[in-house]
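K.L.:
Have a look at the structure that comes next, please.
The values are calculated or read from the model by the stated rules, or taken from the named source; none is laboratory data. Nothing here was measured: the structure is a model prediction, and the numbers come from that model. So basically every Cβ, Gly included, is an ideal-geometry build from the backbone, and we count neighbours across all protein chains shown. For accessibility, only protein heavy atoms count, side chains too; no ligands or nucleic acids. Shrake-Rupley method; radii C 1.70, N 1.55, O 1.52, S 1.80 Å.
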Amino acid sequence: MKPLVSVVIPTRNSSKTIEECLSTIEKQSYQNIETIIIDSKSTDDTTEIATAKGCKVISTDWKLLGARYLGCKAAAGDYILMLDSDHVLVRDTVERSVRLFEAYDMLCLE
């Protein structure tokens, strides 16, 4: 069984960018992924878009660092990938990252 990768994305009023971000996660060549949205009181369609894409959505009053912390606590994955809602991934980003994790403790993607 392939390791589970938890993708944690803090959001706040991210409806303009979240759909493209989530689409690049859906299109990954590596498929054992859970996506967790930690939303800080969005007043736009952010949570509706995330829910429609099958993401786990957690609401919070906390800002960015607190949201990341909550996402890590909620993650069931063997590995955690932290993204911002305006990030997009190349199709094999997760697959290559999982391979590298066998050799390193932490990866930073640019």
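K.L.:
Out of curiosity, is residue 53 open to solvent by less than 90 Å² (accessible area, probe 1.4 Å) and within 14 Å of residue 36 (Cα to Cα)?
P.N.:
yes
K.L.:
Of the residues in the stretch 33-54, how many are closer than 20 Å to residue 88 by Cβ, free of Cβ contacts under 8 Å to residues at least 40 places away in the same chain and not in a helix (DSSP H, G or I)?
P.N.:
Qualifying residue count, the stretch 33-54: 10.
K.L.:
Report, by residue number, each residue of the stretch 76-86 that is in contact with a strand residue (DSSP E or B) (Cβ under 8 Å, 6 or more places away or on another chain), closer than 23 Å to residue 45 by Cα and of a type outside the set (S, T, N, Q).
P.N.:
If the condition is that a residue be in contact with a strand residue (DSSP E or B) (Cβ under 8 Å, 6 or more places away or on another chain), closer than 23 Å to residue 45 by Cα and of a type outside the set (S, T, N, Q), then 82, 83, 84 are the ones that fit.
K.L.:
Okay, moving on. Taking the options 47, 24, 11, name whichever one is within 13 Å of the chain's Cα centre (by Cα), at pLDDT 95 or above, open to solvent by 20 Å² or more (accessible area, probe 1.4 Å) and among the polar types (S, T, N, Q).
P.N.:
24
K.L.:
Here is a further query. Note down all Cβ pairs under 8 Å where the first residue falls in the stretch 90-110 and is open to solvent by 100 Å² or more (accessible area, probe 1.4 Å), the second is assigned to a loop (DSSP other than H, G, I, E, B), and they're at least six residues apart or on different chains.
P.N.:
91/27; 91/28; 91/29
K.L.:
Related question: Within the stretch 57-75, is there a residue that is under 24 Å from residue 3 (Cα atoms), open to solvent by 60 Å² or more (accessible area, probe 1.4 Å) and in a strand (DSSP E or B)?
P.N.:
No, that holds for no residue.
K.L.:
Hey, another quick one. Sort out which residues of the stretch 27-42 are farther than 21 Å from residue 97 by Cβ and buried (at least 17 other Cβ atoms within 10 Å of the Cβ), and write them in order of number.
P.N.:
Result: 39, 40, 42.
K.L.:
Could you look through the stretch 61-100, keep only residues that are out of contact with any Pro (no Cβ under 9 Å at 6 or more places or on another chain) and of a type in the set (Val, Ile, Thr), and pick out the one that is nearest to residue 34 (Cα to Cα)?
P.N.:
Among residues in the stretch 61-100 that are out of contact with any Pro (no Cβ under 9 Å at 6 or more places or on another chain) and of a type in the set (Val, Ile, Thr), the one nearest to residue 34 (Cα to Cα) is 80.
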